[in-house]
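Notes for the one structure printed next.
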Amino acid sequence: MQFYQALTVLFKRELLLAFRQFNEVLNSLLFFILVCSLFPLAMTPEATTLIAIGPGIIWVAALLATLLSLNRLFRVDYLDGSLEQLLLSPHPLSGLVLAKIIAHWLLTGLPLVIIAPVFALLLHLPNEVMKPLWLSLLLGTPLLSLIGAFGAALTVNLRNAGLLLALLIFPLYVPILIFGAGAVTGALAGLGYAGQLAWLAALLIGGITLLPIATAAALRMSIT
Amino acid sequence: MIHSLISNNFAPPRNLLQLAIKSNSTDDRVLNVLMVNSLSCERGERLLFQDLSFILHPGEILQIIGKNGAGKSSLLKILAGLARPLTGTVRWQNQVIEDDRAAYAAMICYLGHLDGIKAGLSVAENLHFSRCLMQQSLDNESLAIQRFGLTHYANILTEDLSAGQKRRVALARLLVSSAKLWILDEPFTSLDKQTIILLEQIFTEHCIQGGMIIMATHQTLNISNIPLKTCELV
């Protein structure tokens with residue numbers, strides 16, 4: 001019960017802090033909106049081209065927007081010393097880490113999932129692919145947060161971790177990008193998309209079970 | 001050249017001195033005893049200290065002194081389980097602390113040179129969160145806030161507080177914790193005279209109740225009736 005209380009309090013703290021510094025939450029969402037709306041301007045407003053590249057644009061933008069927000073995840077806590085306090089808590093660190101990751105997804109991933117259909121319309125994606133797009137993002141963005149947290153934990157004590165973090169986690173993001181964008185392009189081509197979604201779901205389940213443990217271990221390693 | 005000294009008011013003959021192996025350390029006092037055995041620590045390529053051993057009993061205060069960069073903070077981090085020593089062990093209740101991290105973490109309250117409070121949270125919210133992270137705690141948040149003279153600031157975001165007030169918020173954590181061992185890195189930093197006196201009072205109370213304190217500070221402690229040991233890192 002106490003552990004559960006610690007988790008909920010940490011979760012609420014993350015949300016409260018985010019709402020008090022709301023511009024930081026808006027950062028990645030704004031980035032996503034900008035990237036998605038610049039492509040039609042830079043390329044061509046023609047529907048056939050945009051349909052072909054649309055799923056890729058949305059997925060790449062979601063991926064980069066998540067990457068942009070990762071620095072905030074543990075770095076701020078590291079700098080003000082509250083990460084030390086988290087590590088010294090008698091409660092299992094992997095659980096506390098999972099609470100932080102869920103809060104991170106709620107603040108960065110979920111807004112993208114919600115807003116993505118609007119940009120799908122902007123990119124002329126037909127209505128039939130809304131469902132696969134939405135489902136693939138719903139399964140894929142939590143994975144982006146989970147993997148990103150692992151990378152952020154590994155680089156938390158480095159001053160200019162941005163580039164290293166990107167190099168570390170991009171290879172791990174590739175399968176998500178392939179399956180995510182593949183589900184949408186598959187649906188566009190009139191093929192099934194259940195396979196890709198099943199892969200994303202399997203990866204997500206594996207990620208939720210294993211990555212918080214790995215992230216907790218990485219945090220301990222980085223701090224000591 | 002780099003070694004550690006522990007002194008009890010006499011000049012140490014060698015670079016290693018066993019401290020506090022007192023005649024009264026009987027078996028029943030093995031419980032709740034912190035035993036540090038031939039600890040050494042490296043920072044970068046530099047050896048900060050080596051062969052550091054001491055025993056701390058309930059009700060005792062250990063003051064760590066030493067020049068800047070002598071390894072005081074590193075030592076405290078090792079004692080808190082936040083860092084690993086190069087060699088040596090730290091034992092609590094005769095058990096190496098890494099073996100049962102959660103049990104040890106429940107027994108200590110660590111305050112580093114960073115306050116560990118969130119700028120975006122109010123004083124009361126910060127303290128409540130700290131208490132929830134502990135496994136066992138005392139339900140006296142408002143009392144702790146009052147004792148540190150923060151009642152009027154309880155609902156103010158800590159980013160609007162002065163450095164000394166922030167330190168007081170961090171220190172208030174000690175009063176809601178039921179930890180036996182307090183590990184404090186420069187607890188008196190940016191505190192005013194009154195608060196320093198208050199803090200010394202709180203230390204005395206903690207030790208009378210059987211608690212123990214390890215702290216790094218250059219302040220001369222004004223605490224009577226409490227066995228005070230010093231450990232000098234050179």
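Side notes on the structure shown:
- Considering the stretch B:133-162, the residues that are touching a residue at least 40 places away in the same chain (Cβ under 8 Å) and within 12 Å of chain A (Cβ to nearest Cβ) include one that is surrounded by the fewest Cβ atoms within 10 Å (Cβ to Cβ), namely B:Q136.
- Selection within the stretch B:84-118 - at the interface with chain A (Cβ under 7 Å from one of its Cβ atoms), touching a strand residue (DSSP E or B) at 6+ places or on another chain (Cβ under 8 Å) and not in a strand (DSSP E or B): B:G112
- If you go through the stretch A:147-171 and pick out every residue that is touching a Phe, Trp or Tyr at 6+ places or on another chain (Cβ under 8 Å) and closer than 24 Å to A:G186 by Cβ, you end up with 1.
- Pair list, Cβ < 6 Å and 6+ apart or interchain, from the stretch B:163-179 residues that are without any contact (Cβ under 8 Å) to a residue 24 or more places away in the chain to residues that are outside any helix (DSSP H, G or I): none
- Residue within the stretch A:189-199 that is surrounded by 21 or more Cβ atoms within 10 Å (Cβ to Cβ) and either within 14 Å of the chain's Cα centre (by Cα) or closer than 30 Å to A:H91 by Cα (or both) present: no
- Contact annotation: residue pairs with Cβ atoms under 6 Å, 6 or more positions apart or on different chains, pairing a residue in the stretch B:197-224 that is outside any helix (DSSP H, G or I) with a partner that is among the basic types (K, R), are B:G211/B:K180; B:A216/B:K72.
- Check on B:Q165, among the polar types (S, T, N, Q), part of a helix (DSSP H, G or I), surrounded by 13 or more Cβ atoms within 10 Å (Cβ to Cβ) and at pLDDT 90 or above: yes
- Of B:S190, B:S178, B:S130, all but one fail to be closer than 30 Å to A:L15 by Cα and surrounded by fewer than 20 Cβ atoms within 10 Å (Cβ to Cβ); the exception is B:S178.
- Among the residues of the stretch A:82-94, the one identified as under 9 Å from B:L114 (Cβ atoms) and surrounded by fewer than 22 Cβ atoms within 10 Å (Cβ to Cβ) is A:E84.
- Residues within the stretch A:85-135 that are within 14 Å of another protein chain (Cβ to nearest Cβ), part of a helix (DSSP H, G or I) and over 30 Å from A:S37 (Cα atoms), tallied: 10
- Test: A:L79 is surrounded by fewer than 18 Cβ atoms within 10 Å (Cβ to Cβ), part of a helix (DSSP H, G or I) and within 14 Å of another protein chain (Cβ to nearest Cβ): yes
- Within the stretch A:20-38, the set of residues being under 19 Å from A:V113 (Cα atoms), out of contact with any Phe, Trp or Tyr (no Cβ under 6 Å at 6 or more places or on another chain) and either in contact (Cβ under 8 Å) with a residue 40 or more places away in the chain or not in a helix (DSSP H, G or I) (or both) comprises A:E24, A:V25, A:N27, A:S28, A:L29, A:F32, A:I33, A:S37.
The values are calculated or read from the model by the stated rules, or taken from the named source; none is laboratory data. Here the structure is a predicted model, which is why all the values come from computation and not from measurement. Here the Cβ is made from the backbone with ideal geometry for all residues, glycine too, and neighbour counts use every protein chain on show.
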